[in-house]
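The values are calculated or read from the model by the stated rules, or taken from the named source; none is laboratory data. A quick note: this is a predicted structure, and the numbers were derived from the prediction, not measured. Glycine also receives a Cβ, built like all others from the backbone with ideal geometry; neighbour counts cover every protein chain displayed. These area figures cover heavy atoms from the full protein model, side chains too; ligands, DNA and RNA do not enter into them. Shrake-Rupley method; radii C 1.70, N 1.55, O 1.52, S 1.80 Å.
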Amino acid sequence: MTRLTVNGTPVEVTTDPRAPLLDVLRGELGLAGTRFGCGEGMCGACFVLLDGRVTAACDTPLSAAAGRAVVTVEGLAPGDEAHPVQRAILAEQAGQCGYCLSGMMVSAAALLAADPRPSEEDVVAALDRNLCRCGVHRRIVRAVLRAAE
Amino acid sequence: MSVSVEPDGVILVRAGKVELGQGVLTALAQIAADALGADLAQVRMVPANTGEGPDEGLTAGSMSIARSGPALRESCARVRAAFVAEAARRWDVSPAEVTVRGGEFRHGAETTTYADLAKAVLAAEAQETTEPGATAEAGAAAEPTTGQAGEPGAEAAVFVGVSVPRLDLPDKVAGRPRFVHDLRLPGQLYGRVLRPPSPAARLTGLAPNEDGSTHENGSTHVVRDGSFLGVLAETEPEADRALARLRRAAAWDEHDTLPDEHDLHGYLRKGPHETIRVHPAPQTGATPAPQTGATPAPQTGATPEAGAGTAHRATYSRPFLAHASIAPSCAAARWNSDGSLEVWSHTQGVYPLRAALARVLGLAADRVEVRHVEGAGCYGHNGADDVALDAALLARAVPGRPVHVRWSRRDELTWAPFGSAMSVDVAAEVDAAGRVAAWTYEIWSQGHTSRPGYAGVPGLLAAAHLEQPWEHPAAADPAPAAGSGMARNAVPIYDFPRVEVTGHRLLETPIRSSALRSLGAFMNVFAIESFMDELALAAGRDPLAYRLDCLSDPRGRAVLRRAADAAGWGRPGLGLGFARYKGNGAYCAAVAEVEAEHDVRVRRLTLAVDVGRVVNPDGVRNQIEGGAIQAASWTLKERVRFDRRRITSGDWESYPILRFSETPEVAVELVEHPGTPSVGAGEAAQGPVAAAIANALASAIGVRVRDLPLTPEAVLKAIE
């Protein structure tokens, strides 16, 4: 049994503590928004906030999240509300396939939490560990800057 | 194509096309809503499904809007006409007096809706067709009352031409389950496949306790068929651990079958080839014959020839490229107790996949149902079809239970088909003014399609690994009518007096290749447009003026000028690339602005595009922007790596793609041609962007790099 907080709610999970946090989120906890991309922490599709820090859930074992607070894309904003980054992504239509977006929005939310008025260079730097293959990069940068307004 | 109205007024559209991340279902919904006179909100695009949808083949080749748009318009117009006729009957007026807009039918003060009329229309049609449960299917109703069915302009444009937001994006932004990866079917098991370590490897044995299809340790299950090896488990972590055990237990016989990655020109030119005359088109009845002649060596330079002006020639190449989607391929399958098979897949074609699965598995096609579920971005023939067979093979071991299979990142980057490497010779004779008098162009390439059903075989990866294996011939090329493969965009758009184009397709290949966004056009436009700049430079001409002098196509001229104007043409460090995709599709011109210090950086890309009538302006911009950024990534960084035995570029370090910090700003100019038919936008930017970047690099530092990618090493090599 591992205890942790997910999107503000304390939970107890029975998955093997050696299992990747990503599998626990998508499996036992049924939160599909965090995506598997590479399993090696190299693409950002599985980014979550772990005690507020952007973390790859695919190569973080559940045991490393014990007693800590995890925030996924589903929990960026309370309840059914949308985080400003989520609203801005829709406003800018900053998506094509959308598979990378969860991790992008987690990175962006962490940036805005630390720096509500980032420069374009700050946004680019904050997203540099997130890969996108459809080529929506510039729209996402615009969306994050819009969310900061 | 089928369109039906539900009793509640919801209009179900089965277009047979699939969402690949390109927004096509949104665009088709816009077309349907206008043709129906309906509100967009009442139109529902039904995912493609062999159980009930039409067979529209593949969603590929930038053909969905051009081909399906008119067909969808016609189907919707027929449905609308049936409802108009019912409203007219009810009000005792002529159908011509009934208008429909926003889903509301009106005559004077009388109004009604699709929902109000649905019951009566359904009843009338049930009577006509005597088929129980018939809906207002397209084709079963009267002719449309106004305009010509299928023609743009027959109905009011309310949604067509407007930047309607993507219908699928809200779910994806909220993180809701939407992808095939998110499927959780009742009783679902998780499967993993242990792919061979190299393309020619064969399984020779499994260490004790892990052989055969017996239960492994109570909760996991090994499946073996020849060299196909997989595991099943109740959870993903268990499946991954079982896969790791299996990897340690498996012994393989491997062979060195791969070419020298540093001599792609030599590999591609060695043969045996099938040689085809691309232009002038051969006489009908002529059959191309395989030939294994001498290997022409790449040549580059200018040689004066007496009496024939000046001859220029150059050789260009591109490496193998990976699809490199952010998600690895994924599928689910279930064998039912009656022997039928259900498959959930992000394939580009549910029907071709069904046929291929049925052949490998020895089933009648109607015993297989394939349902489309979205995957991550699809840029051509990736692993989507292959993983569907993997899921079916694993699910066969556990009848009644759904099996969900996801590839690893390494499998995705090393086992999905690649876009073929290509080598090209271009030669031109120019007159004293530098104008082209004769142009010859010769291509060496692997084929560009091994999609399910190609060359008469299923073409699914695991089929080649079974105990009774399917042979997979070298990749073929689509027919010229389907846009060709290596020869796509090989015939230049310019007004040259004499043009000869020849292609040589490799017939024996150890590396699997298939369709990747724009197929041969990426390479051919890169080569043609690079060479145009070389000719302009040799003639002392401005590259834009040089092109305009030999381009009579007015839409092409407009697009070139628009891109040049928007980019501020005339400054140093800019480069131009231009093509009309497939010779009959979208016009696209790109201007790149490049800086080269430690590496090559593209600061800005400015593109002008003419896709005819624009269905969704922001959708077109998004496709062109994305295509441009992906093409910049291919051009600057990408190259499948291998040694003589294994594909070695199996992760994001060994196969890097463009990152945020490397991504150029992209500006898109839409050159509107509302009176001309819509053509696809998805692949138009690939070739022009590659050429624009190479030409900008040459303009910036005076170095011509002819072998992609344009890495610092390639630049240094070109300087030497």
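With respect to being under 22 Å from the mean Cα position of the chain (by Cα), of a type outside the set (Phe, Trp, Tyr) and either assigned by TED's automatic domain parsing to the domain that holds B:Thr648 or open to solvent by 10 Å² or more (accessible area, probe 1.4 Å) (or both), B:Val525 fits the description.
When residues in the stretch A:94-134 are screened for being more than 19 Å from B:Glu665 (Cβ to Cβ), more than 7 Å from chain B (Cβ to nearest Cβ) and either touching a Lys or Arg at 6+ places or on another chain (Cβ under 6 Å) or in a loop (DSSP other than H, G, I, E, B) (or both), 4 of them pass. Selection of strands (runs of 3 or more DSSP E) fully inside the stretch B:51-120 by the criterion of at least 2 residues being within 17 Å of B:Glu155 (Cβ to Cβ) returns B:99-101, B:104-107. A single member of B:Leu576, B:Leu560, B:Leu537 is over 29 Å from the mean Cα position of the chain (by Cα), farther than 30 Å from B:Leu413 by Cα and not aromatic (Phe, Trp, Tyr), and it is B:Leu537. For the stretch B:393-434, a tally of residues being within 29 Å of B:Ser317 (Cα to Cα), in contact with a strand residue (DSSP E or B) (Cβ under 7 Å, 6 or more places away or on another chain) and of a type in the set (A, V, I, L, M, F, W, C) returns 8. For the stretch A:5-24, a residue qualifies if it is in a helix (DSSP H, G or I) and within 8 Å of chain B (Cβ to nearest Cβ), and exactly one does: A:Asp23. The set of residues in the stretch B:593-624 being of a type in the set (Asp, Glu) and under 16 Å from A:Val136 (Cα atoms) consists of B:Asp618 alone.
Within the span defined as the stretch A:45-54, one or more residues are touching a strand residue (DSSP E or B) at 6+ places or on another chain (Cβ under 8 Å) and without any contact (Cβ under 8 Å) to a residue 40 or more places away in the chain.
Each residue in the stretch A:106-126 was checked for being of a type outside the set (Gly, Ala, Ser), out of contact with any strand residue (DSSP E or B) (no Cβ under 9 Å at 6 or more places or on another chain) and surrounded by 24 or more Cβ atoms within 10 Å (Cβ to Cβ), and 1 of them qualify. In the stretch B:399-415, what residues are more than 18 Å from B:Val373 (Cα to Cα) and in contact with a Phe, Trp or Tyr (Cβ under 8 Å, 6 or more places away or on another chain)? Those that are more than 18 Å from B:Val373 (Cα to Cα) and in contact with a Phe, Trp or Tyr (Cβ under 8 Å, 6 or more places away or on another chain): B:Pro399, B:Gly400, B:Arg409, B:Leu413, B:Trp415. From the list B:Ser68, B:Ser62, B:Ser75, B:Ser4, the one residue that fits, being hydroxyl-bearing (Ser, Thr, Tyr), within 27 Å of the chain's Cα centre (by Cα) and within 29 Å of B:Leu341 (Cβ to Cβ), is B:Ser68.
Applying the criterion of being more than 23 Å from B:Ala563 (Cα to Cα) and charged (D, E, K, R) to the residues of the stretch B:682-716, the residue that is surrounded by the most Cβ atoms within 10 Å (Cβ to Cβ) is B:Arg706.
Just one of the listed residues (B:Ala692, B:Ala714, B:Ala681, B:Ala698) is in contact with a strand residue (DSSP E or B) (Cβ under 9 Å, 6 or more places away or on another chain), within 14 Å of chain A (Cβ to nearest Cβ) and of a type in the set (Gly, Ala, Ser), namely B:Ala681.
Just for the stretch A:27-74: of the residues that are charged (D, E, K, R) and within 26 Å of B:Glu653 (Cα to Cα), which one is farthest from the other protein chains (Cβ to nearest Cβ)? Across the stretch A:27-74, the extreme among qualifying residues is A:Arg53. If you go through the stretch A:42-89 and keep only what is in contact with a helix residue (DSSP H, G or I) (Cβ under 6 Å, 6 or more places away or on another chain), in a helix (DSSP H, G or I) and within 20 Å of A:Ala108 (Cβ to Cβ), you end up with A:Ala57, A:Cys58, A:Val73, A:Pro84, A:Val85, A:Gln86, A:Ala88, A:Ile89. Identify all residues within the stretch A:25-41 that are free of Cβ contacts under 8 Å to residues at least 40 places away in the same chain and either in a helix (DSSP H, G or I) or more than 13 Å from the chain's Cα centre (by Cα) (or both); write none if there are none. A:Arg26, A:Gly27, A:Glu28, A:Leu29, A:Gly30, A:Cys38, A:Gly39, A:Glu40 - these are the residues of the stretch A:25-41 that are free of Cβ contacts under 8 Å to residues at least 40 places away in the same chain and either in a helix (DSSP H, G or I) or more than 13 Å from the chain's Cα centre (by Cα) (or both). The residue pairs whose first member lies in the stretch A:60-73 and is at pLDDT below 95, whose second member is assigned to a loop (DSSP other than H, G, I, E, B) and open to solvent by 20 Å² or more (accessible area, probe 1.4 Å), and whose beta carbons are closer than 9 Å, counting only pairs six or more residues apart or on different chains, do not exist in this structure. Please verify whether A:Arg146 is open to solvent by 10 Å² or more (accessible area, probe 1.4 Å) and either assigned to a helix (DSSP H, G or I) or in contact with a strand residue (DSSP E or B) (Cβ under 9 Å, 6 or more places away or on another chain) (or both), treating the condition exactly as stated. Answer is yes for this residue.
Applying the criterion of at least 1 residues that are open to solvent by 20 Å² or more (accessible area, probe 1.4 Å) and within 14 Å of another protein chain (Cβ to nearest Cβ) to the helices (runs of 4 or more DSSP H) found wholly in the stretch B:323-432 leaves B:409-415. Considering (1) of a type in the set (A, V, I, L, M, F, W, C); (2) open to solvent by 40 Å² or more (accessible area, probe 1.4 Å); (3) without any contact (Cβ under 8 Å) to a residue 24 or more places away in the chain, the lone condition that B:Ala566 does not fulfil carries the number (3). Exactly one residue among B:Val679, B:Val615, B:Val602 is open to solvent by less than 40 Å² (accessible area, probe 1.4 Å), of a type in the set (A, V, I, L, M, F, W, C) and farther than 28 Å from B:Ala545 by Cβ, and that residue is B:Val615. The requirement of being surrounded by 20 or more Cβ atoms within 10 Å (Cβ to Cβ) and out of contact with any Lys or Arg (no Cβ under 8 Å at 6 or more places or on another chain) is satisfied by A:Ala65.
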